[in-house]
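A.B. asks: This structure is in structure tokens; I'll ask about it shortly.
Read the figures in this text as sums done on the coordinates, not as results from a lab. All figures in this text were calculated on a predicted structure; none of them were measured in a lab.
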Amino acid sequence: ASDGVVPGGSRRNLEFVESSTRFDDAVSPSRRLLLADAQTSGGLLLAVPPGREDALLATLAERQTPASAVIGEVVGGSAGHIEVTAD
């Protein structure tokens, strides 16, 4: 991605979400493209109540369902907007 080798669909996906997404200045252009990757099949994110992350990850591991990390949290803000930070 850092060499600009990404599917055209990823670029179109990023263009589509840019108006409702605020990227932290530390989020690189290649990481922004990866977040809009057109090669995924959906169903990649799950939302659970605060404090339940470890239980969910443990249950998924028990069922041999790959899951790797908690990547963010839902916070208050403008409806329909996503904020992406480098943390």
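A.B. asks: Based on the alpha-carbon gyration tensor of the chain, what equivalent-ellipsoid semi-axes (square roots of 5 times the eigenvalues) come out, in whole Å, largest first? Mind showing how you got there, number by number?
C.D. replies: Details: eigenvalues 130, 65, 28 Å².
Square roots of five times the eigenvalues give 25, 18, 12 Å.
A.B. asks: Calculated from DSSP H runs of 4 or more alone, at -39500 (n - 2.57) each and per residue, what is the 222 nm mean residue ellipticity of the chain, nearest 500?
C.D. replies: Working: 3 runs with 27 residues, N = 87.
Helix contribution divided over all residues of the chain: -9000 deg cm²/dmol.
A.B. asks: Still on this structure, please answer the following. Residue by residue through the stretch 50-67, what is 3J(HN,Hα) from phi via Karplus (6.51 cos²θ - 1.76 cosθ + 1.60, θ = phi - 60°)? Round to whole Hz and write x for glycine and proline.
C.D. replies: Those phi angles translate into x, x, 9, 4, 4, 5, 5, 4, 5, 5, 4, 5, 4, 8, 6, 9, x, 8 Hz.
A.B. asks: Quick check: the angle from helix 8-17's long axis to the longest principal axis of the chain, C-alpha only, nearest 10 degrees?
C.D. replies: That works out to roughly 80 degrees.
A.B. asks: Also: Please compute the length gained on full extension between ASP24 and ILE71, using 0.36 nm multiplied by the number of residues separating them and subtracting their Cα-Cα distance. It would help to have the intermediate numbers written out before the result.
C.D. replies: Numbers: separation 47, 0.36 × 47 = 16.92 nm, distance 1.51 nm.
So the chain would gain 15.4 nm between ASP24 and ILE71.
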